[in-house]
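Q: Please read through the structure below; I'll follow up with questions.
Just so it is clear, none of the values below were taken in a lab; they were calculated from the coordinates. Because the structure is a prediction, the values reported are computed rather than measured. Backbone-built Cβ (ideal geometry, glycine too); neighbour counts: all protein chains shown.
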Amino acid sequence: SLLKGHMRVHSEDRPHKCPMCPLSFTLKNRFDAHVLEHAGMKAFKCQQCSASYIHQRALRRHVREKHEGDFTYSCTICPKGFVELKPLLVHLKTHEKNSEAAIV
């Protein structure tokens, strides 16, 4: 069931151990994605350019940002847009660093 799978995420039992690093995983699909990262295999390829990604979510974000211009979040300081909140927050810190450098 979905609930059972979700509860496994929070479990201490991590049966899927990476042979290349100390990480271990509760879910096999997360383990499989992690192993692909070590192998550098990028199975999700953009149909519109040469970009490729390990995770499907990253490909979807790329398509929305680079090809569709579909931004959920926008910077209030410059015209840059973002599909997700976390990259916007990281971006905003670059403006803070730039203004601190200008003051010094």
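Q: Number of Lys-Lys pairs in the chain under 25 Å by Cα, sequence gap 8 or more or different chains?
A: 17
Q: As a test of the formula, what do you get for the chain when each DSSP H run with n ≥ 4 contributes -39,500 (n - 2.57) and the sum is divided by the residue count, at 222 nm and rounded to the nearest 500 deg cm²/dmol?
A: Calculated from helices alone, the mean residue ellipticity at 222 nm is -13500 deg cm²/dmol.
Q: So for the chain, taking the charge dipole from beta-carbon charges (+1 Lys/Arg, -1 Asp/Glu), which of Phe71, Ala43, Asn98 sits furthest toward the positive end?
A: Of the candidates, Ala43 comes out farthest on the positive side.
Q: Once you charge only the Cβ atoms, +1 for Lys and Arg and -1 for Asp and Glu, what is the size of the charge dipole of the chain about its Cα centre, to the nearest 20 debye?
A: Roughly 300 debye for the chain.
Q: Using the alpha carbons of the chain, what is the convex hull volume per residue in cubic angstrom, as a whole number? Write out the running numbers ahead of the final one.
A: Details: hull volume 20.1 nm³, N = 104.
Cα-based convex hull of the chain, divided per residue, equals 193 Å³.
Q: Give, in nm to one decimal, the length gained when the segment between Leu85 and Met41 is fully stretched (0.36 nm per residue of separation minus the Cα-Cα distance).
A: That pair, Leu85 and Met41, stretches by 13.2 nm at full extension.
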